[in-house]
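Undergrad: Supplied in structure tokens, the structure appears directly below.
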Amino acid sequence: MRLIIAAPANGTTLKNTLKAHLQNDPRVDSLTDLSSSDGTYPQLSFAAAQEVAAGRADRAILICGTGVGTAIAANKVRGIRAATAHDLITLRGSVENYDAQVLCMGQNVIAAPAAWALVDIWLNLRHNTASGYAPKVGEIEAYECGK
């Protein structure tokens, strides 16, 4: 899997912890860190989401203080579904049901060991195209494209 990770200053600690795990994970083919010391959460979120939307990455992980700002910003990129998830039910639903390609987390909300436990599961999750949610994802995509 080709991953992007990014965080503004208020997400750097959690981002660095997750990055260390991801760099050693055999499921990760490439890991690109788009973080910069002066990057704002919107700038970093747009950049990461654009990489996924363009097909240069499969998924992205964005970290800020709460995970909400990064999700709002990433969702502005056409074709991107970003979700904030700090628990197993939300995490699973975000991918299996809603086909979210971007996981957003908050450094002020979740401890690093819990975040890694969720990311570890997230790497194996896939969207279930046979579920009752799949047509609803199609509705969202159609609306986004103006159909």
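The values are calculated or read from the model by the stated rules, or taken from the named source; none is laboratory data. What you are looking at is a predicted structure, and each value in this text was computed from that prediction instead of being measured. Using ideal geometry, Cβ is built from the backbone for each residue, glycine included, and neighbour counts are taken over all protein chains shown. The area values use the complete protein model at the heavy-atom level, side chains included, leaving out ligands, DNA and RNA. Shrake-Rupley method; radii C 1.70, N 1.55, O 1.52, S 1.80 Å.
Undergrad: Just to verify a result, which residue in region 91-120, among those that are open to solvent by 50 Å² or more (accessible area, probe 1.4 Å) and touching a residue at least 60 places away in the same chain (Cβ under 8 Å), is farthest from Leu44 (Cα to Cα)?
TA: Looking at the filtered set, the residue picked out is Asp120.
Undergrad: Separate question: Please work out if Gly39 is open to solvent by less than 50 Å² (accessible area, probe 1.4 Å) and part of a loop (DSSP other than H, G, I, E, B). Please lay out each step first, then the result.
TA: Details: open to solvent by less than 50 Å² (accessible area, probe 1.4 Å): yes; part of a loop (DSSP other than H, G, I, E, B): yes.
So Gly39 passes the test.
Undergrad: Could I ask something else about it? Taking Ile110, is it in contact with a strand residue (DSSP E or B) (Cβ under 9 Å, 6 or more places away or on another chain) and within 30 Å of Lys136 (Cβ to Cβ)?
TA: Working: in contact with a strand residue (DSSP E or B) (Cβ under 9 Å, 6 or more places away or on another chain): no; within 30 Å of Lys136 (Cβ to Cβ): yes.
No, not satisfied.
Undergrad: I'd like the residue in region 121-147 that is open to solvent by 30 Å² or more (accessible area, probe 1.4 Å), closer than 23 Å to Ser45 by Cβ and outside any loop (DSSP other than H, G, I, E, B) and, out of all such residues, is modelled with the highest pLDDT.
TA: Ile121
Undergrad: If I ask for residues that are more than 22 Å from Thr12 (Cβ to Cβ) and outside any loop (DSSP other than H, G, I, E, B), which ones from region 63-90 would you list? Before the answer, list the steps.
TA: So the first thing to find is which residues in region 63-90 are more than 22 Å from Thr12 (Cβ to Cβ), and the list is 75-81, 87-90.
Once the filter is applied, which keeps residues that are more than 22 Å from Thr12 (Cβ to Cβ) and outside any loop (DSSP other than H, G, I, E, B), region 63-90 yields Leu88, Ile89, Thr90.
Undergrad: With (1) open to solvent by 70 Å² or more (accessible area, probe 1.4 Å); (2) under 12 Å from the mean Cα position of the chain (by Cα); (3) among the aliphatic types (A, V, I, L, M) as the list, and Ala9 as the residue in question, which single condition is left unmet?
TA: In the conditions (1) open to solvent by 70 Å² or more (accessible area, probe 1.4 Å); (2) under 12 Å from the mean Cα position of the chain (by Cα); (3) among the aliphatic types (A, V, I, L, M), Ala9 misses (2) alone.
Undergrad: For region 19-36, what are the residues that are open to solvent by 40 Å² or more (accessible area, probe 1.4 Å) and either of a type in the set (D, E, K, R) or part of a helix (DSSP H, G or I) (or both)? Show your work before the answer.
TA: Restricting attention to region 19-36, the residues satisfying the condition of being open to solvent by 40 Å² or more (accessible area, probe 1.4 Å) are 19-21, 23-24, 26-27, 29-34, 36.
Within region 19-36, Lys19, Ala20, His21, Gln23, Arg27, Asp29, Asp33 qualify.
Undergrad: Further, regarding this structure: Output the residues belonging to region 66-89 that are within 22 Å of Leu118 (Cα to Cα), open to solvent by 10 Å² or more (accessible area, probe 1.4 Å) and either touching a residue at least 60 places away in the same chain (Cβ under 8 Å) or not aliphatic (A, V, I, L, M) (or both).
TA: Thr66, Gly69, Asn75, Arg81, Thr84, His86, Asp87
Undergrad: Hey, another quick one. Out of (1) more than 14 Å from the chain's Cα centre (by Cα); (2) within 17 Å of Val95 (Cβ to Cβ); (3) of a type outside the set (D, E, K, R), what's the single condition that is false for Ala74?
TA: (1)
Undergrad: Out of all the residues in region 43-65, is one or more open to solvent by 50 Å² or more (accessible area, probe 1.4 Å), among the aliphatic types (A, V, I, L, M) and closer than 19 Å to Ala115 by Cα?
TA: no
Undergrad: Go through (1) open to solvent by 10 Å² or more (accessible area, probe 1.4 Å); (2) touching a Cys at 6+ places or on another chain (Cβ under 9 Å); (3) within 18 Å of Trp116 (Cα to Cα) for Asn16 and report which single condition fails.
TA: Evaluating Asn16 over (1) open to solvent by 10 Å² or more (accessible area, probe 1.4 Å); (2) touching a Cys at 6+ places or on another chain (Cβ under 9 Å); (3) within 18 Å of Trp116 (Cα to Cα) leaves (2) as the failure.
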